[in-house]
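Reviewing the structure listed below.
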Amino acid sequence: MSESKQLKPITKKVIWLFAIGQLGWSLMSAILTNFIESFYQPDDVSVKEGMIYFIPQGRVILGVFTIIGGIYAIGRVFDAITDPWIGNLSDKSKDPKGRRIPFMKKAAIPLALITIMVYICPTAGNPVASKLGTNGVINAIWVLIMMLLFYLFMTIYCTPYNALIAELSRDEKTLADISTAISFTFIFGSAMGYMAPTIWSAITPMVGSRVWAMRLVFIVMAVIACICCLIPALTIKEPDYVNAVPTEGSAFSSLVKCFSNKNFGVFIGSDICYWVGITMFQTGLLHYVTVLMQLQESYSTILYIAMTLLSVICYVPVNKLMKNIQKKKLVTFAFCGMCIVFLITGLSGMFGLPGIVSGILIVICAAFPMAILGIIPQTIVADIAKSDAITTGENHDGMFFAARTFSMKLGQSLAILLFTSLGTIGLATGRGYRIAAFVAVGFCAAGVVILHFYNEKKVQDILKKANY
């Protein structure tokens, strides 16, 4: 696949300017994914500390699902539908400024505003859930609309952004460098999100309201995230680094072509299982810490940041290992490691084991698997996309990454549905949270089985023949 013009080299500066965008959207994703459930379906501990109810509680949808779980799932289904649409629009774009950057530039500010508005309801809440009345219904409709808009603009930013990963990666070394950089900024953005409980706990006495303390933290973080999202969109001139060749065809036909790649289908299957497991862990971390481990909620920040820092230390060895060991083997090892993490989480507070000990074990066991899963899956998608382009002569990078994003969102929506429903079981004792952690173990184990069928050797042979 020859280039028709001389492109500028992908320098370290370009890589890090690009990676800062991932910090921005990962922080906004953390604000929503990590706290939407605890804000709108608070447990007994947070209610005693001043949290109030804004939407109807309990398993009121078909007697199985909660309102917030249903809203989240609808948002993710809508999100999944828009992924291939935006991916196709981006692949087909003939904008002289590039196929990807213009989308990112338009999406950043609306995405930040909507992230804030998700948590600012039009009507008042109530300390007693049964007294919400019409206000609860209005708030639920508001949250649903804001969630749909959030996912629309997240897709408009992230799908083109992810497509640039493959397009900026002209060789295996550049791909590894970009993947490492965006993994670092992703995990740093997620860690910033997990600082929220510590910050809002500290400022609640000054603000006089736990709800508004949370909102103020989300506002500040959303502004920071917006600036980060705009940095690559305003500083990288896409045509200088990418020889864009617009594709033809509908979103559906492009998506079919992506999933006709057997290895991609296998990878997506395992990826969905991973995202179910990790989302149940991330969503429930605040509850695992306060209810199962019997620790203050600020410990959720401490544990996640410790996990993050230890994981970052593992980035260098992971980057070196992926040059000598099959990526498939490393991801399989990471899946098994996360199974252990979820198992420890589910057993927290049992057998007389102090909660802080469980937390330390989780930090230690999760660090290396998180480093692997932060770097390698994106490179696997890029490998598959490149090998497919070599084989078929058609470049569908945007659609491949859109489909991967779809798997993430499908896994997350399923996880939220399961977690919010399971979490209502034995609310006072946290029995449902334990069950959720054990369910996460099962999904991660299923990911290991499915990934076994990924033929990495075939993909790499195609790339080597093309001198990639």
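The values are calculated or read from the model by the stated rules, or taken from the named source; none is laboratory data. Values in this document were obtained by computation on a predicted structure and should not be read as measured data. Here the Cβ is made from the backbone with ideal geometry for all residues, glycine too, and neighbour counts use every protein chain on show. Heavy atoms of the whole protein, side chains included, go into the accessibility calculation; ligands, DNA and RNA do not. Shrake-Rupley method; radii C 1.70, N 1.55, O 1.52, S 1.80 Å.
Couplings 3J(HN,Hα) for region 143-148, derived from phi with the Karplus relation 6.51 cos²θ - 1.76 cosθ + 1.60 (θ = phi - 60°), are 4, 4, 4, 5, 5, 4 Hz, where x marks Gly and Pro.
Computed 3J(HN,Hα) for region 190-203, one whole-Hz value per residue from the Karplus formula 6.51 cos²θ - 1.76 cosθ + 1.60 where θ = phi - 60°, is 5, 5, 4, x, 6, 6, 3, x, 5, 5, 5, 5, 6, 9, glycine and proline marked x. Take the Cα of Lys465, step 7 Å toward its Cβ, do the same at Val449, and the gap between the two points is 3.3 nm. Note on the chain: helix-only mean residue ellipticity at 222 nm, from DSSP H runs of 4+ residues weighted -39500 (n - 2.57) and normalised by residue number, equals -25500 deg cm²/dmol.
Looking at region 167-296, the accessible area is 36 square angstrom per residue; that uses a 1.4 Å probe and ignores ligands, DNA and RNA.
Backbone amide hydrogens, once placed in the peptide plane, bring Leu132 within less than 5 Å of nothing, excluding anything fewer than 5 places away on its chain.
Kindly express, to the nearest 10 degrees and within the range 0 to 90, the angle between helix 355-392's C-alpha long axis and the longest C-alpha principal axis of the chain. Roughly 30 degrees between the two axes.
Contact order for region 140-245, expressed relative to its length and based on alpha carbon pairs under 8 Å spaced 6+ residues apart, stands at 18 percent. Cross-link pairs exceeding 27 Å in C-alpha to C-alpha distance, out of Lys105/Lys464; Lys12/Lys257; Lys328/Lys465, comprise Lys105/Lys464; Lys12/Lys257.
The charge dipole of region 224-350, taken about the Cα centre with unit charges on the Cβ atoms of Lys, Arg (+1) and Asp, Glu (-1), comes to about 540 debye, rounded to the nearest 20.
If you line up the long axis of helix 298-313 against the longest principal axis of the chain, both from Cα atoms, how many degrees apart are they, to the nearest 10? Tilt of helix 298-313: around 20 degrees.
For Tyr53, the residues whose modelled amide H falls within less than 5 Å of its own, excluding neighbours fewer than 5 places apart on the same chain, are Asn126, Val128. Which of the listed residues, Phe267, Ala382, Thr204, is farthest toward the dipole's positive end in the chain, when Lys, Arg count +1 and Asp, Glu count -1 at the beta-carbon? Projecting each Cα onto the dipole axis, the largest value belongs to Ala382.
Region 325-340 and region 149-224 have Cα centres spaced 25 Å apart.
Packing around the peptides 125-137, 37-49, 265-277, 106-118, taken as the average count of other Cβ atoms within 10 Å per residue, puts them in this order, highest first: 265-277, 106-118, 37-49, 125-137. Each Lys and Arg contributes +1 and each Asp and Glu -1, all at the Cβ; summed about the Cα centre of the chain, the dipole is approximately 540 debye. In plain terms, if you count all Cα to Cα distances in the chain and split them into 20 Å steps from zero, the share in each step is 25, 58, 16, 0 percent.
Distance from the alpha carbon centroid of region 103-121 to that of region 397-468 works out to 26 angstrom. Relative to the longest principal axis of the Cα atoms of the chain, helix 12-40 runs at roughly 30 degrees. Computed on the chain, with alpha-carbon pairs under 8 angstrom and 6+ residues apart, the relative contact order is 27 percent.
Summary value for region 322-400: 31 percent relative contact order, contacts being C-alpha pairs under 8 angstrom separated by 6+ residues. Heavy-atom surface analysis with a 1.4 Å probe gives the chain a carbon and sulfur content of 70 percent of its accessible area.
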